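Here the structure is laid out as structure tokens; the discussion comes afterwards.
What follows is calculated from the coordinates using simple rules that are stated; it is not laboratory data. Not measured: the values here are computed from a predicted model. Quick reminder, even Gly has a Cβ in these numbers, built from the backbone with ideal geometry, and neighbours come from all protein chains shown.
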Amino acid sequence: MRMNLAQAVAVALAAAALTIPEFAAAQEAPGEAVTIPGATFSTWSVDEVRGRFGRPAGATGKVPAVLILHGSGGVDGRGAFHAKALQEAGIATLEITMFAQGRRPRDGHGATMPHAAAALKWLAARPDIQADRLGVMGFSYGGGMTLLMASELLQEQLGTDVPRPVAFAPFYPSCGRLTQNFSRPTYSFYGADKRMGATPMLIHIGTRDDYETAERPCDTLVATWPAPARERATVRNLEGATHGFDSQSGSRQFFDEYARGGRGGMVSVVASFKDGADAREAIVKFFLANLKR
């Protein structure tokens, strides 16, 4: 019997449900360790990319896939939290390592675009993956990358040999700072917001995100996009949630020079099982709707 979307989501989430101890303990995405040939983007290049690739259990034939991009703290369990649910829903996942904790590149997102390019090419070349049904999701730093990759400007810079994803899901991508950067002619991706593609996008952000200085900053950013892109974008503002609300390593505080719209400051991360589970359910629904034929 064929299940409808709601039934498929319910089954996937039930199978992927985590207890509270597992919520805090999971680190690596389910699957096998892989090493991917590197790639070049503009003046940046990487020799190889390491990651974890997992297919849905029992899947036969080709399946869609989601590329997962970690945040400034490196691979920390958030990818695994969502990857498990996606795999249970019939979607393969690839979480790559772009840098270790504390090694966020000073050059910004351009320095890690080769990692994403290499990963997308590797996924598209696999005989068990639907090359035309690829999605991208990311957290914080990786969320900013995810948002940028939806721009036609970025896709042109990546080149025609890099497959174009068909759905994007950034988590708390520092929308306020991106809005500022897009207006600076010296920014590597100046004007990328004016060329956002008409591709489905789901953005999650908490209303207590310490990287932001204004209310609903992602709504403000999306409002500047071309109409076709605006119409395909959804922003979920989670009331009372902080940056990294789906943290798998507990609550914490730290200083970041990019907090408060780039002015610097303390960042509070309050892990919320409820908000994390809610976001995971929304992510599964989003990618099922946009990647599964």
Open item on the list: Need pairs with beta-carbon distance below 6 Å; first residue under 10 Å from Pro30 (Cβ atoms) and within the range 69-85, second of a type in the set (A, V, I, L, M, F, W, C) and surrounded by fewer than 23 Cβ atoms within 10 Å (Cβ to Cβ); sequence gap 6+ or separate chains.
Closed with: Ala80/Ala26; Lys84/Ala16
Open item on the list: Given the criteria touching a Pro at 6+ places or on another chain (Cβ under 8 Å), closer than 28 Å to Leu288 by Cβ and buried (at least 23 other Cβ atoms within 10 Å of the Cβ), does Leu86 qualify?
Closed with: no
TODO: State all residues of the range 233-274 that are assigned to a helix (DSSP H, G or I) and either at positive phi or crowded, with 20+ Cβ neighbours inside 10 Å (or both); if no residue qualifies, say none.
DONE: Ala259, Arg260, Gly261, Gly262
Open item on the list: Against the condition of a type in the set (Gly, Ala, Ser), within 19 Å of Thr93 (Cβ to Cβ) and under 18 Å from the mean Cα position of the chain (by Cα), how does Ala169 come out, does it pass?
Closed with: yes
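Name every residue in the range 209-219 that is farther than 16 Å from Ala169 by Cβ and within 20 Å of the chain's Cα centre (by Cα), in order of residue number.
Matches in the range 209-219: Asp209, Asp210, Tyr211, Glu212, Arg216, Pro217, Asp219.
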Task: Residue that is nearest to Gln180 (Cα to Cα) [pool: residues in the range 250-293 that are in contact (Cβ under 8 Å) with a residue 12 or more places away in the chain and in contact with a Gly (Cβ under 6 Å, 6 or more places away or on another chain)] - done: Gly261
Task: Scope the range 53-67; condition of a type in the set (D, E, K, R) and touching a helix residue (DSSP H, G or I) at 6+ places or on another chain (Cβ under 6 Å); matching residues - done: none
TODO: Pairs only if they're at least six apart or on different chains, beta carbon under 6 angstrom, first in the range 176-192 and touching a residue at least 24 places away in the same chain (Cβ under 8 Å) and under 14 Å from Thr220 (Cβ atoms), second among the aliphatic types (A, V, I, L, M) and surrounded by 14 or more Cβ atoms within 10 Å (Cβ to Cβ); list them, first residue then second.
DONE: Thr179/Leu221
Task: Close pairs from the range 107-124: first without any contact (Cβ under 8 Å) to a residue 40 or more places away in the chain, partner among the small types (Gly, Ala, Ser) and not in a helix (DSSP H, G or I), Cβ under 7 Å, at least 6 apart - done: Ala124/Ala131
Task: Subset tally (residues that are within 13 Å of the chain's Cα centre (by Cα) and among the β-branched types (Val, Ile, Thr)) for the range 105-136 - done: 1
Open item on the list: Which numbered condition in (1) touching a helix residue (DSSP H, G or I) at 6+ places or on another chain (Cβ under 8 Å); (2) buried (at least 21 other Cβ atoms within 10 Å of the Cβ) is the only one that Thr146 fails?
Closed with: (1)
- [ ] Residue by residue through the range 50-82, note down the ones that are surrounded by 23 or more Cβ atoms within 10 Å (Cβ to Cβ), more than 16 Å from Val284 (Cβ to Cβ) and in contact with a Phe, Trp or Tyr (Cβ under 8 Å, 6 or more places away or on another chain).
- [x] Leu69, His70, Gly71
- [ ] From (1) out of contact with any Phe, Trp or Tyr (no Cβ under 7 Å at 6 or more places or on another chain); (2) closer than 18 Å to Cys218 by Cα, pick out the condition that doesn't hold for Val269.
- [x] (2)
